[in-house]
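Inspection log for the structure reproduced underneath, given as structure tokens.
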Number of protein chains: 2
Amino acid sequence: MPLTLADCCALDARDALAPLRHEFKLPDGVIYLDGNSLGAQPKAALMRAQQVICQEWGEGLIRSWNTAGWFALPQKLGDQLAHLIGAKPGEVVVTDSTSVNLFKLLAAALRKQQAIAPHKRVIVSERRNFPTDLYMAQGLMDQLQAHGAPAYELRLMDAPEELAHALQDDVAVLMLTHVNYQTGYMIDMAEATALAHQHGALSLWDLAHSAGAVPVDLNAAQADYAVGCTYKYLNGGPGSPAFLWVHARHQDSFGQPLSGWWSHAQPFDMEPGYLPHQGISRYLCGTQPIIALSMVACGLDIFDKTSMVALREKSLALTTLFMELVQQECAGFALTLITPTDPAKRGSQVSYIHPHGFAVVQALIARGVIPDYREPGIMRFGFTPLYTRFEEVWHATAILKDILQSGSWDQPKFHQRDVVT
Amino acid sequence: MPLTLADCCALDARDALAPLRHEFKLPDGVIYLDGNSLGAQPKAALMRAQQVICQEWGEGLIRSWNTAGWFALPQKLGDQLAHLIGAKPGEVVVTDSTSVNLFKLLAAALRKQQAIAPHKRVIVSERRNFPTDLYMAQGLMDQLQAHGAPAYELRLMDAPEELAHALQDDVAVLMLTHVNYQTGYMIDMAEATALAHQHGALSLWDLAHSAGAVPVDLNAAQADYAVGCTYKYLNGGPGSPAFLWVHARHQDSFGQPLSGWWSHAQPFDMEPGYLPHQGISRYLCGTQPIIALSMVACGLDIFDKTSMVALREKSLALTTLFMELVQQECAGFALTLITPTDPAKRGSQVSYIHPHGFAVVQALIARGVIPDYREPGIMRFGFTPLYTRFEEVWHATAILKDILQSGSWDQPKFHQRDVVT
């Protein structure tokens, strides 16, 4: 018996997470399926911004570094975020961008290997990893080589199934994104980390599409390093500062090269010589954008009202429903599913390739359904269990079907390179 | 004839810049002399934040990367800021922190020297440079050396007068802060740069205490690289993103190691291989904190209503008045002036050492006068010509005199290391 709109509405009616949608401002007439790129706005964000701007900045001025707790925000937010990724308090800071944090941790990992196993000259990653991760690795490798270090090799797998083959004893670091940004494929972190450790490699995880989307347990997986993003599933605001995690066993060994004053043991002694802070604060660098940083708490506060178990259950229900509905309604329209149907292997998105993917996405947006587009030809549909309704999955599919059926997509108004998603 | 309160009020009465104070929210009962640490809040900031949060983020969601111009903000703000530092449009971006930007540019400079003059292994700076600059240099040097590069030396001058002695032919980079954060001493940028160039060294300037405080002309000085801060005299908000400038002759030569996707020639092609953008965009890294970044324009807009010539004139009048009043009112109270009396050699602050400097600063704050304190023993008084009144200089001096005269300062409530300034 085919799925109906009534079935979807029934799912909403018994959805225990449904009230959480009211924590967000979502525009009328829009079905937002791009929380995997930019999360929606928590209603609390405006009041928090007013407080930071008018009271803390305007009235408190410089005093607010102490009285409003600005100085400790990276650690405080890190502690609030920790439970979402299987980390303990004192293991996470919210700071800088994901790219910058990746550089810090990859540099720390390479330095450690340089000291104990200098013959390991390979960084393993995926060719379809989010490009900035690969670019940061290349920037670091190039810099070292330009100054006379023996070359590193960036060994790129075409698919995560090649892991056992790629992980040889020459590997210094396994640098992976846990949930792939294109396909939504989720790698088994514990398994991959164990394999890396068998070969003496350190594991560095990018949790951009994991944090707040799927349960993550960094400590249980015995992972070594991780970075991630707060502006996607964590709803921290556009470009909000990223996070980083370092396993307690590595925190105090070696440093990271972006050793700014916020990572100093005694920053206000103003000594000319660098002395690293103990613990996770060593991975900070410079002064943080407090207004943007403050917004991150508004997103995290909402997670305190539920659990990743409940969110994962709804997330899988949403992605499963969408795949089933697309199968039911849009068969024969040249859509190729590239997301694993096995729930254990996917994040909180569903991606299809279509020969006119970019144009179809533009047509969807024009009709009030917002997914996003990624080269080559990929339409990404992100499902945020905090605010996506099952009924919306129905309507989004119906509109997608209508567009595909009529072939009525316009010529794209923007070139795809202009679409930041 | 001694200066009087009436003299100060007369200066305010004929101050053409006086109306600009109304662009700022300043708390009642406070004389704010710490704009050199955190600038005051432009009144426009709240409305801008509301717009970014409610309209651009809340309503526009992911579309705002294009429709609200988020993606081009680093370059747009850089272009708006450029005239304040003698830069041209296309030479400046607002992004990341000052520390991170310094790392990018020092790495770019060292890499250039490595290619053309690898025997140059010295970075010259000042022992009293702002510590994070020295820490970032140390982090970079240590990283390279740990991976087998020949060592670099950080050669620290005890005073800027040692420049001619420190600048030998082994110097790769002269890395200086234009206006010293402790003393307010301003180095002659053109002269120092010319000296550096004579020895084949590149010059890298930190403009944290210069931008918006004193006229700067990077191109006239033929400087090579510069970074700076937007949250001090530019009033961009607490920890607001920093800026960087690269002379056009260097922009496309070599890269910087923090080569994230925002620095890629075609970021949305999502290619695994890094290809640097041409021009100043090559010095970007990752996604920026848009809410904090957006506030920067509110501060810069106010500069569009005046000129650095007018601001410099008032700044010197303020600092001169303060030094004269302290001389007149507070002689004999163990204050040691460490700021140059020569106007050509100082920025927009006046610093005194006092044996109980920290306690005196706390007593001033308790009385509503907010300067700040810096180790060792330094009381810094910052004068922001956009909003500081001459009358406030009088009252601040009177309160300082009263405190010094009575010896009535309390024991400090916070340890100095807690005071971020």
Residue A:331 paired with residue A:250, simple spin-label distance in nm, labels 7 Å along Cα-to-beta-carbon
4.7 nm
For the range A:102-219, the charge dipole (Cβ of Lys, Arg +1; Cβ of Asp, Glu -1; about the Cα centre) points to a positive end, and the Cα of A:164, A:216, A:144 closest to that extreme belongs to A:144
Let me make sure I get this right: for the range A:1-130, a, b and c are the square roots of the gyration tensor eigenvalues over alpha carbons, sorted descending. Under 1.5 in a/c it's rounded, otherwise prolate if a/b > b/c, else oblate. Which is it?
oblate
Given Cβ point charges of +1 (Lys, Arg) and -1 (Asp, Glu) and nothing else, what value in debye, to the nearest 20, does the dipole of chain B about its Cα centre take?
400 debye
So which of A:104/A:232; B:76/B:112; B:314/B:345; A:88/A:112; A:104/B:104; A:76/A:314 end up more than 19 Å apart by C-alpha?
A:104/A:232; B:76/B:112; A:88/A:112; A:76/A:314
I need to check one value: relative contact order of the range B:231-285, counting alpha carbon pairs closer than 8 Å and at least 6 residues apart, in percent.
35 percent
Could you work out which residue, out of A:407, A:58, A:273, moves most in a Gaussian network model of chain A, that is, has the largest mean-square fluctuation with Cα springs under 10 Å?
A:273
Would you list which aspartates and glutamates come within 13 Å of residue A:25, measuring only between C-alpha atoms, while excluding same-chain residues fewer than 8 positions from it?
B:56, B:59
Can you work out ³J(HN,Hα) from phi for every residue in the range B:34-50, in order, using Karplus 6.51 cos²θ - 1.76 cosθ + 1.60 and θ = phi - 60°, giving whole Hz and x for Gly and Pro?
9, x, 6, 10, 9, x, 6, 8, x, 4, 5, 5, 5, 5, 5, 5, 4
As a Kirkwood estimate from alpha-carbon pairs, chain A has a hydrodynamic radius in angstrom of 22.5 Å
So what is the calculated 222 nm ellipticity per residue for chain A, using -39500 (n - 2.57) for each DSSP H run with n of 4 or more, over all residues, to the nearest 500 deg cm²/dmol?
-10500 deg cm²/dmol
Can you bin the protein assembly as shown into rounded, prolate or oblate? Criterion: square roots of the alpha carbon gyration tensor eigenvalues sorted a ≥ b ≥ c, rounded for a/c under 1.5, prolate for a/b above b/c, oblate for the rest.
prolate
How charged is the neighbourhood of residue B:82? Take every other residue with its Cβ under 15 Å from the Cβ of residue B:82, and add Lys/Arg as +1 and Asp/Glu as -1.
-3
Cβ-Cβ cut-off under 11 Å around residue A:259, Lys and Arg +1, Asp and Glu -1: the net charge is +1
Which far-off residues, 5 or more places away or on another chain, put their amide H under 5 Å from the one on residue A:153, with H placed in the peptide plane?
A:122, A:123
Summing Lys, Arg as +1 and Asp, Glu as -1, what charge do residues with Cβ under 10 Å from the Cβ of residue A:244 carry, residue A:244 excluded?
-1
Sorted from fewest to most neighbouring beta carbons within 10 Å, what does the list B:52, B:361, B:326 look like?
B:326, B:52, B:361
Can you pull the mean other chain C-beta count within 10 Å for peptide A:61-70?
6
Pop a pseudo-label 7 angstrom from the Cα along the beta-carbon direction at both residue A:309 and residue B:22 and give the gap in nm to one decimal.
6.1 nm
I want to verify a result. In a Gaussian network model of chain A, Cα cutoff 10 Å, which of these has the top mean-square fluctuation: A:295, A:186, A:157?
A:157
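Since every read-out is calculated from the coordinates, none of them should be taken as a lab result. From a predicted model like this one, the values you see are computed outputs, not experimental measurements. Neighbour counts run over all protein chains shown; Cβ positions are idealised from the backbone, glycine included.
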